[in-house]
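All of the numbers you see were taken from the coordinates with simple rules; none came from a lab. Treat the numbers as computed from the prediction; the structure is a model and nothing was measured. Positions of Cβ are generated from backbone atoms using ideal geometry, with glycine treated the same way; all protein chains shown enter the neighbour counts.
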Amino acid sequence: METNQKTSTNSVHQSTTSNQKNRKKKKNFVASTIKGSFLANEKVRQNFPFFIFLAILAMFYIFNNYMAEKFQRSIKKIQPIHEAYLTNYRNAEAQFTDSAKLSNISKNLISIGLKEARVSPKVITANTENEE
C-alpha cells in the first residue's frame, strides 16, 4: 500500500510541476511576443518568407472579397434597368413580327392606295444573240 501512495504522490507532483512549466512557457511566449524578441529565434527567421507569403495571400483574399461584394452591389443596382430594357425589347420584337406578316402589310398598303397583285407577274426574256 505504501508503494501505491508513493506512486500516486509522485504522479501528482509530476503533474503539478508540468502545469507550472506550461504556465511559465505561456508567460515567456507572451512576454517574448510583446517585446519582439521572438523574431530573433532562428526558426522564425527561417520561416519569415513564408509568413510574408501568408500575409500577401490574406491581403489578396480580402481584396477579392471586397471586389466580389462591389460587383454584386453593381449588379443589384443595374438589374431593374435591365428588366425594363428587356421588356421594351420584347414588346418591340412582338410589334415588328406582327407588322411583318403579309396580311398586315397588305392592309397598310391598301390605306396608301396600293393593291395586292392577284395575277402572277409575266417573265420577260431577252435574246442573248448578238445581231451584227
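Quick rundown of the values:
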item	result
Percent of alpha-carbon pairs separated by more than 18 Å within the range 62-110	59 percent
Projected label distance in nm at Ile78 and Asn104, using a 7 Å step from Cα toward the beta-carbon	3.2 nm
Hz values of 3J(HN,Hα) by residue in the range 67-72 - Karplus curve (6.51, -1.76, 1.60), Gly and Pro given as x	5, 5, 5, 4, 5, 4
Hz values of 3J(HN,Hα) by residue in the range 82-99 - Karplus curve (6.51, -1.76, 1.60), Gly and Pro given as x	4, 4, 5, 5, 5, 5, 4, 5, 5, 5, 5, 5, 5, 5, 5, 5, 5, 6
